[in-house]
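All of the numbers you see were taken from the coordinates with simple rules; none came from a lab. If you're wondering where the values come from, they're calculated on a predicted model, not measured in any experiment. Neighbour counts are summed over all protein chains in view; Cβ atoms, including those assigned to glycine, are modelled from backbone coordinates with ideal geometry.
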C-alpha cells in the first residue's frame with residue numbers, strides 16, 4: 001500500500017508540474033515555420049567544369065569564376081532566421097567523375113575552433129562547412145551529408161527522417177581546405193559512384209550548412225527551423241543543370257593482409273598471418289552486392305567500460321565497419337532496450353571477445369519508393385568444430401510522402417544443436433504533421449526446440465517544436481520472446497518512458513544565456529507476465545541553462561521506487577536484499593564550451609541508494625593545446641556506504657586517459673587506457689593509422705589487458721596482442 005501511495009504521489013507531482021509548464025509554454029510558444037513550396041525553393045545552378053579541378057581549397061580554378069553563388073546564410077540556432085554573423089559563399093561544379101562543392105567562409109579575427117583532426121569528428125564541437133544531397137527529392141530516403149573543417153578533416157553520415165544519424169557510414173570522397181587571415185575556404189569532390197541518384201536526374205535537392213563555432217552559431221543557405229536539423233530536406237533548396245553519368249555497374253575491391261602476434265595468459269606466443277577482404281559490386285546507383293571473407297576488425301575502437309549501477313544489461317554500440325555500413329536499414333526498435341537484430345551478436349561472445357567470422361554476403365537495394373536488404377554471415381563458434389549462421393532480410397515501402405512500413409525476418413542457426421531461432425518483425429514510421437511522428441513495431445520469436453512463441457511490441461510517439469519536445473517510448477516483451485540475433489535490456493518486461501522538455505528563448509533572460517530549459521523524464525518497469533511492478537524513476541530538472549558559447553548547467557532531483565524480487569549486486573562486494581525501497585538523489589550536470597581548447601563536463605549525484613548511500617562523480621577533462629594534439633581523461637568515482645551487513649565504505653574508480661596525435665587528417669597515433677577497479681582490470685590500446693589513399697589504411701595496433709590486484713584473483717591476467725594490418729580500396 002505504501003508503494004502504491006508513493007507511486008501516486010510521484011505521478012501527481014509530474015502531472016502538476018507538467019500543467020504549470022504547459023500553461024507557461026502556451027503563452028510563450030513559437031510556431032514552426034513551414035517549408036517553402038517547390039516553386040519558391042532557393043536554387044543554385046551547377047556548371048560543368050571545362051578542365052580538371054585542382055583540389056587545393058583555394059577556389060582559384062577558372063571554372064569557379066563562371067559559377068553563380070549561394071549566399072545570404074541565415075541562423076537556425078541560436079536566433080532563428082537572423083542573418084549569419086559571417087558571410088558564406090558556395091558554388092557547384094561537376095564533371096564526368098565528380099560533383100564539386102566550393103565554399104568561402106568569411107572569418108574575421110581568424111578564430112577557428114577545431115577539436116582534433118580525426119575523421120567523423122563531433123558535429124557541434126567544431127567549425128565546419130557541409131553539403132547535404134537529396135538526388136531523389138524524396139525526404140524519406142537516407143540523406144548523405146559531407147562535412148569538412150578548416151583543417152581538411154572529413155565527416156560523412158546518412159540522416160534518416162531527420163532523427164537518426166548514421167555517423168559510421170563512410171564514402172569515398174576528397175576535401176581540401178585553405179586558411180587565410182580573414183577567411184577559410186574548402187573544395188569538396190564527391191565521386192558520382194559514391195552517391196545513389198536517378199539515372200535521368202538533372203535537378204537535386206541540396207542544402208549547405210556552416211557551424212561558426214566561435215559564436216556557437218549554426219547557419220544554413222535554405223534555412224530550417226531550430227527544432228530540426230539540416231537533414232529536414234523539405235526545407236532544402238535545389239541544384240539545377242546537373243548531368244551525372246548514366247548509372248553503371250562498378251566493383252570496389254577492399255583486400256587486406258594482417259599479421260597478429262599474441263601472448264595470452266597461460267599460453268605460448270601465437271603468430272598468425274591472415275588475408276581477407278571485401279568486395280562491393282554496385283550493380284547500379286540503387287543496388288549493391290557485397291561479400292566478405294575472413295572478416296577482421298583488429299583496428300576497431302575498443303569498447304568504453306562503464307560501471308553498471310542499474311538492473312538492465314549494458315548496451316555497447318557497434319564499432320566494426322562492415323556491420324556499420326547500411327546499419328540503419330536493419331535497425332528496428334530502440335537502442336539499449338529492444339532490437340530484433342543487433343550485429344554485435346555476430347562475431348563476439350557474451351563477454352565481447354572476438355569469434356572468427358568465415359565470411360558473408362550483403363544485398364542492398366534502395367530507391368525513392370522502397371528498400372530491400374539481406375545479410376548472411378557464417379561464424380566459427382567457440383567450439384571450433386561447429387559454426388553458426390546469422391541472417392536478416394529487411395524490406396521497406398514508402399506510403400505517400402510521410403509514411404513508411406517495413407518487415408524483417410532474422411534467424412540464427414547453430415550447427416551443433418541443429419536449432420534455428422527465427423524472429424519476424426513489422427514496423428512503421430508515420431509523420432501525420434511536421435512536428436509529430438509515430439514509430440510502431442511488433443515482433444514475434446517463432447517456436448523452436450523447447451522454446452514457445454514470444455511477442456514484443458514497441459512504439460515511440462514524438463512531438464518536436466522549437467520550444468517543446470515530447471517523446472513517449474512504450475515497450476512490452478513477453479517471457480518467451482527470444483531474439484538470439486538481437487538485443488534485449490531485460491526479459492519479460494514492460495517499459496514506459498515519457499520525456500518532456502521545455503525550451504524558452506533568451507529574450508527575457510541574461511544576454512549571456514541562450515536558453516532556459518526544464519525537463520521531466522519517467523522510466524517505469526513492470527513484469528509482463530503478471531504486470532507486477534519492478535521499478536520506477538522520475539528525473540526532474542527544473543533549472544537548465546545553455547550559454548552563448550555552448551556551455552550549460554543543470555540541477556534537479558531523481559526519485560526512485562524499487563521492488564527487488566532477488567538479490568541485486570551493483571558491484572561485486574555489495575549484495576542488496578529483496579524488498580521495497582524508495583529514495584531520492586539530487587544531481588548536478590555541467591558542460592563548458594566543448595569547442596574550446598580546454599573543456600570539461602561532468603555529473604554529480606548523491607543521496608540514498610536502496611538500503612545504503614551512494615555518491616557518484618563522473619568528470620571528463622579535455623585539453624587541445626594545438627589542433628594536432630588532443631588529450632583527455634575521464635574519471636568515474638563511486639562511494640558506497642551504509643550497506644548491510646557490515647556497513648563498510650567501498651570506493652570504486654574508473655579512470656580512462658587518452659591522447660590523439662595527428663600529423664595531418666590522414667595520419668594519427670592514438671592511445672587509450674582504462675583502469676577499472678570493479679572488474680579489477682586495466683586495458684591499454686595503442687593504434688597508429690595512416691589513410692594513404694581514401695579509405696585505404698595501414699594500421700599498427702597494440703592491446704594489453706592486465707589484472708590490477710593479483711591478490712583478488714586466483715588466475716591473474718596479462719594478455720598482449722599486436723597487429724599489423726594493411727587494407728586497400730580499388731574501384732574497377
Separation of region 251-321 and region 412-483 by C-alpha centroid, Å? 27
Measuring from a point 7 Å past the Cα of residue 281 along Cα-to-C-beta, which residues in region 353-397 have an amide N at less than 19 Å? 359-366, 372-378
Viscosity 1.306 mPa s, temperature 10 °C: give me the Stokes-Einstein translational D for region 33-240 in µm²/s, with Rh taken as the Kirkwood radius over C-alpha pairs. 94
Provide 132, 557 in ascending order of the number of other Cβ atoms located within 10 Å of each residue's Cβ, fewest first. 557, 132
Please list, by residue number, everything in region 85-120 whose backbone N is under 18 Å from a paramagnetic label point 7 Å out along Cα→Cβ of residue 48. 92-101
Percent of Cα-Cα pairs per 10 Å bin, from 0 to the last occupied bin, for region 123-282, please list those. 9, 30, 29, 16, 10, 5, 1
Can you put 343, 270 in order of Cβ neighbours within 10 angstrom, beginning with the fewest? 270, 343
Label-to-label distance, nm, for residues given as residue 426 and residue 382 (7 Å Cα→Cβ offset): 3.8
Once the Cβ-Cβ distance between residue 646 and residue 269 is put in as r, and R0 is 51 Å, what FRET efficiency do you end up with, to the nearest 0.05? 0.70
Given region 532-673, report the % of alpha carbon pairs whose separation exceeds 18 Å. 67
Express in nm, to one decimal, how much length is gained between residue 629 and residue 106 on full extension, taking 0.36 nm for each residue of separation and deducting their alpha carbon distance. 185.7 nm
Cβ crowding within 10 Å averaged over residues, with 567-578, 119-130, 224-235 ranked highest first: 224-235, 119-130, 567-578
When the chain is fully extended, how far beyond the present Cα-Cα distance does residue 405 get from residue 350, taking 0.36 nm per residue of separation? 16.6 nm
Output ordering of 356-366, 689-699 (per-residue mean of other Cβ within 10 Å, highest first) is 356-366, 689-699
In Å, descending, principal axis extents of the Cα set of region 313-489: 57, 36, 27
Region 391-471: C-alpha gyration tensor shape, a/c 1.5 cut-off, then a/b vs b/c: prolate
How far apart, in nm, are two points set 7 Å out from the Cα along the Cα-to-Cβ line at residue 253 and at residue 199? 2.7
Please report, for the Cα atoms of region 600-732, the Rg to one decimal and the Dmax as a whole number; what are they, in angstrom? 20.1, 70
Simple label model, 7 Å out from Cα along Cβ direction - residue 96 to residue 732, nm: 2.1
Distance between the C-alpha centers of region 525-563 and region 149-185? Whole Å please. 35
If neighbour count is taken as other Cβ atoms inside 10 Å, put 725, 174 in order from fewest to most. 174, 725
For the chain, alpha-carbon Rg and Dmax in angstrom: 26.5, 82
